[in-house]
Amino acid sequence: MSKSQVLQGNAIVAKAALDAGCDFFAGYPITPSSEIAQIMSQRMPQMNRYFIQMEDEIASLGACIGASLAGRKAMTATSGPGFSLMQEHLGSACIGEIPLVIVNVMRGGPATGMPTKPSQADVMQARWGTHGDHPIIALTPATSEELYTETIRAFNLSEKYYNPVILLLDEVLAKAHEDFTVPDKSEIYLRKKERIKDLNMFDRKIGDNPHRVDFFRGYSIHMDGLEHDAHGWPTIDPATVDKMQTLRMQKIYHNLDDIVKFNTMEMEDADIMIFAFGISARAAMSAVEIARRQGIKAGLFQPLTLWPFPKVVLREKFFTRIKKLLTVELNMGQIKYEIERVARDDVEKKSLNRANGVPFTPFEILAKLKEF
Amino acid sequence: MRKYEKYIRYRTFPTPWCPGCGNGVIVRAIAISLAEMDIDPKDIVVCAGIGCSGRIPTFFNTNTLHTTHGRALTFATGIKLSRPDKTVIVISGDGDALAIGGNHLIHAARRNIGIKMILVNNGIYGMTGGQCSPLTPRRFYTETTPYGNIEPKFDVVDLLSASKASFVGRETVVRPKALEKIILKSFQHRGFSVVEVISNCHINLGRKNKLRDPIAISRWIKSKTVSQKQWESLSPEEKIGVYPTGIRNEENERMEYTDLYQKHIVPNAQAGLKKR
Amino acid sequence: MEKHEKLLNQEAADKRRKGKKPKTPNKLKVIKQYCKGCGLCVDVCPTGTLELVDYPESKFGIRVEVVAEDHCIGCQMCELRCPDFAIFCNYEEGE
């Protein structure tokens with residue numbers, strides 16, 4: 001059991017990334033995620049790993065993809081405006097099935113917005129920001145311990161499923177200094193040393209992951225941003241393209257048991273379900289405690305995996321008896337449409353939304369609970 | 001069997017380019033240089049962006065990467081930094097290197113990272129149907145300049161020399177032997193090296209400017225390029241619109257980026273010398 | 001065949017008339033399925049060894065033909081200038 005220390009949220013994420021084996025970081029400074037780049041610039045050379053500050057966010061993600069293809073675990077950290085710039089390369093990583101971790105510390109938006117204020121307004125962009133059909137995994141930690149474990153899980157998921165993973169934080173979680181103890185040794189997923197037959201990298205059964213090799217592994221492979229066949233060669237043949245699109249989506253959707261994770265608090269006998277993630281979940285946790293003391297049977301569902309959305313578990317385990325739903329998110333209403341679609345028609349739905357940079361307090365959530 | 005044929009991926013032939021397109025000559029010149037240096041094909045990666053020149057890597061029997069438009073240098077930077085011992089070659093066209101990718105070009109030059117770049121200059125955006133590019137000569141007619149181009153073109157060699165690139169040269173596809181020689185020298189250079197190759201696009205550029213067949217446009221290119229010696233003997237009026245070929249800049253004083261990272265940053269970091 | 005292609009063949013014939021045959025023979029190899037009939041090798045050949053011929057089997061309808069191999073001086077300019085790896089001069093199989 002290591003001793004506890006006071007660490008900034010960004011520092012916890014950086015520490016977790018280094019423990020997960022991240023050996024390439026390319027970034028561009030942006031408030032509020034610059035500390036991750038700064039810590040990486042110090043620690044990476046100390047550990048004989050690689051750090052570079054690129055000329056913009058587009059270049060940062062390009063360099064990360066290049067390094068990932070060359071066999072390194074690559075990561076970058078940014079905020080709203082930078083995340084918007086990275087979208088094209090995010091799609092490139094999705095079609096090439098390239099492992100990658102992107103930390104998006106959400107701030108007030110859109111455009112330049114409020115650089116020093118939190119928000120949770122990039123959640124839909126994390127799912128559909130880049131053009132075209134693609135699967136994505138997005139994780140939303142809330143406590144300082146989750147900042148550590150979810151970062152390690154982000155690396156593990158990206159390596160296992162050959163897909164970019166987005167870690168969604170917000171400005172408060174990233175900048176707050178909190179008491180933190182490193183959890184017991186986490187399992188790190190090492191990149192598979194595949195052997196491939198006749199350069200067939202992408203063909204597999206539905207639900208499986210590609211057996212793709214990196215560069216310099218003894219094969220001369222071709223990686224492309226164009227739609228490709230099993231060998232990676234560009235193609236527009238409808239049957240092949242349909243198969244590849246299905247394989248890419250289903251490698252995530254067939255493995256929801258492994259990818260979807262969530263926390264619940266007092267949900268066993270709850271009447272009202274609060275759906276909140278990130279900084280809103282922190283307030284909701286206190287709100288549930290106070291509500292219970294006042295006799296209101298509230299419970300919290302905190303998704304740790306936001307995308308793919310935990311639809312199945314919500315429908316099968318919770319919306320069978322929950323009739324009241326409160327969605328709390330620090331934006332003008334994004335995830336609420338998703339969960340309200342998942343909930344049954346007879347569920348009473350309310351939501352707390354604002355995007356003015358002031359996180360919700362437990363008492364605001366309690367006041368809304370009393371309106372049910 | 002020619003020595004360079006082990007670097008050619010024949011199963012992807014025939015090439016998709018128009019008859020007479022200079023891209024094939026560039027493929028051969030690069031393959032000959034790689035054969036001369038005798039590098040293992042599995043230790044090489046050839047990256048390219050979007051465009052007709054972006055299909056060049058497909059024909060190499062090495063690791064190949066076809067990236068987004070204009071960002072090939074960023075992918076190459078990531079690969080080179082994380083695997084400094086490998087050979088990384090980038091092929092870019094007009095738009096890829098100077099329009100959308102202009103920023104990455106000057107930063108790669110400034111960093112002096114050991115990427116070997118071939119900038120294919122055919123004066124047009126060929127793949128999308130013939131729109132003007134930052135390298136289209138003035139007064140030329142293209143799909144997006146139907147009244148004549150009013151923008152001057154970049155001088156790539158001047159631009160890169162000002163960005164402190166440590167090896168800059170220019171050649172044309174009309175002189176294949178000279179092209180091989182300059183590409184070989186650029187590959188042997190340790191830092192960031194760029195060779196601008198003036199190529200012919202008679203289908204898209206030439207079609208609207210009375211240079212419709214490969215022979216006519218090749219002769220036109222020949223008339224517009226001179227050797228360095230001839231360039232010095234030209235008068236200022238004669239110099240307009242004419243370009244000197246050869247190596248403009250070749251300096252070895254600056255250390256290459258990944259070497260500097262290994263020799264300066266890593267030892268300092270490990271000796272516990274924190275930033276001030 | 002278009003006008004400029006016929007002109008190329010005429011120029012090749014002129015070069016053959018003016019030049020002398022070399023003493024040592026040289027061999028040329030054409031890979032018909034790669035040739036696109038661009039005519040660059042015909043233009044660049046100094047002795048007029050090559051000409052363009054109609055070739056309906058390929059989608060381009062035209063390709064290069066070695067019409068006077070005894071005129072070839074082995075300079076390899078055709079091979080160097082060809083963008084499609086379709087012509088080789090003094091190529092030894094299994095080298």
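Annotations for the structure displayed:
- Under 19 Å of direct C-alpha separation, and excluding same-chain neighbours fewer than eight residues apart, B:K6 reaches these aspartates and glutamates: A:D198, B:E36, B:D38, B:D40, B:D43, B:E180, C:E79, C:D84, C:E92, C:E93, C:E95.
- For region C:3-89: rounded, prolate or oblate by the Cα gyration tensor [a/c cutoff 1.5]: oblate
- Ranked list, fewest to most other Cβ atoms within 10 Å of each Cβ, for B:L34, C:L28: C:L28, B:L34
- This ranking places B:I100, B:I247, A:I365 by how few other beta-carbon atoms lie within 10 Å of each, fewest first, which gives B:I100, B:I247, A:I365.
- Cβ-Cβ FRET estimate between A:L256 and A:W233, R0 fixed at 41 Å, reported to 0.05: 0.85
- Counting every other Cβ atom within 10 Å of each residue's Cβ, B:V242, B:V120, C:V30 order from fewest to most as B:V242, C:V30, B:V120.
- Relative contact order (%) - criterion: Cα under 8 Å, at least six apart; region: region B:3-270: 17
- Chain B: most fluctuating residue of B:E256, B:E238, B:E171 per GNM, C-alpha cutoff 10 Å: B:E238
- Here the spin labels are modelled as points 7 Å beyond Cα on the Cα-Cβ line, and at B:D43 and B:K3 they lie 1.7 nm apart.
- Environment charge of A:Y148, counting only residues whose C-beta is closer than 9 Å and scoring Lys/Arg +1, Asp/Glu -1: -3
- FRET efficiency for the A:L190 to C:K3 pair, using the beta carbon distance and R₀ = 60 Å, is estimated at 0.35.
- Evaluated with a Cβ-only charge set (Lys, Arg +1; Asp, Glu -1), region B:98-212 carries a dipole of roughly 240 debye about its Cα centre, given to the nearest 20.
- Sum of side-chain charges, A:G96 neighbourhood, beta-carbon under 9 Å (Lys, Arg +1; Asp, Glu -1): -1
- Each listed q (0.12, 0.19, 0.20 Å⁻¹) maps to a log10 I(q)/I(0) for region B:43-135 from the Debye sum over equal C-alpha point scatterers, namely -0.32, -0.79, -0.87.
- Relative contact order, whole percent, for region B:46-135 stands at 30, derived from Cα pairs under 8 Å and 6 or more residues apart.
- Semi-axes of the equivalent ellipsoid for the protein assembly as shown, Cα gyration tensor, largest first, Å: 58, 26, 23
- Mean residue ellipticity at 222 nm, helices only, chain A: -10500 deg cm²/dmol; runs of at least 4 DSSP H residues each add -39,500 (n - 2.57), and the sum is divided by the number of residues.
- Inter-part distance, region C:68-95 to region B:160-238, computed on C-alpha centroids, equals 24 Å.
- Separation between Cα centres of region B:1-61 and region A:265-316, rounded to whole Å: 58
- Label point at A:E266 placed 7 Å out along Cα→Cβ; residues across region A:320-348 whose backbone nitrogen lies under 20 Å: A:321-329, A:348
- In chain B, the DSSP-assigned H stretches of four residues or longer account for a calculated mean residue ellipticity at 222 nm of -8500 deg cm²/dmol, using -39500 (n - 2.57) per stretch and the full residue count as denominator.
- What you get for region B:169-264, charging only the Cβ of Lys and Arg (+1) and of Asp and Glu (-1), is a dipole of about 540 debye around the Cα centre.
- Coil-residue trypsin sites (Lys or Arg not before Pro) of region A:182-217, DSSP, other Cβ within 10 Å capped at 11: A:K185, A:K193, A:R195, A:K197, A:K205
- Sum of side-chain charges, A:R195 neighbourhood, beta-carbon under 13 Å (Lys, Arg +1; Asp, Glu -1): +2
- Computed over the alpha-carbon pairs of chain B, the distance histogram in 5 Å steps reads 1, 6, 12, 17, 19, 17, 12, 7, 4, 2, 1, 1, 0, 0 percent, short to long.
- Farthest toward the positive end of the dipole of chain A, out of A:S186, A:G62, A:N200, is the Cα of A:S186, where the dipole comes from beta carbon charges about the Cα centre.
- Tensor-based shape of region A:1-128 (alpha-carbon gyration tensor, a/c under 1.5 rounded, otherwise prolate or oblate): oblate
- Cα-based reach from C:K23 at 13 Å (exclusive), listing aspartates and glutamates while leaving out same-chain residues under 8 positions away: C:E69, C:D70
- Here the protein assembly as shown is treated with +1 on each Lys and Arg Cβ and -1 on each Asp and Glu Cβ, and its dipole about the Cα centre works out to around 1140 debye.
- For region B:190-276, the relative contact order works out to 26 percent when only alpha carbon pairs closer than 8 Å and six or more residues apart are counted.
- For chain A, with +1 on Lys and Arg beta carbons and -1 on Asp and Glu, the positive-most of A:I98, A:Y337, A:A74 along the dipole: A:Y337
- Rounded if a/c under 1.5, otherwise prolate or oblate - region A:128-197, Cα gyration tensor axes: oblate
- Helical runs (DSSP H, four residues minimum) scored at -39500 (n - 2.57) apiece and divided by the length of chain C put the mean residue ellipticity at 222 nm at -7500 deg cm²/dmol.
- A:S4 versus B:H264: modelled label distance in nm, points set 7 Å from Cα along the beta carbon direction: 4.4
- Over region A:263-369, the Kirkwood radius and the radius of gyration, each from Cα atoms, give a ratio Rg/Rh of 0.92.
- Reachable lysines from A:K205, criterion Cα separation under 22 angstrom, eight or more residues apart if same chain: A:K160, A:K192, A:K193, A:K197, A:K243, A:K251
- With the simple spin-label model, which puts each label point 7 Å out from Cα in the Cβ direction, the A:T116 to A:K349 separation comes to 3.8 nm.
Bear in mind these aren't lab numbers, they're just calculated from the coordinates by the rules spelled out. As the structure is a prediction and not an experimental result, all values here were calculated from the model. Counting neighbours? That spans all protein chains shown, and the Cβs are built from the backbone with ideal geometry, glycine included.
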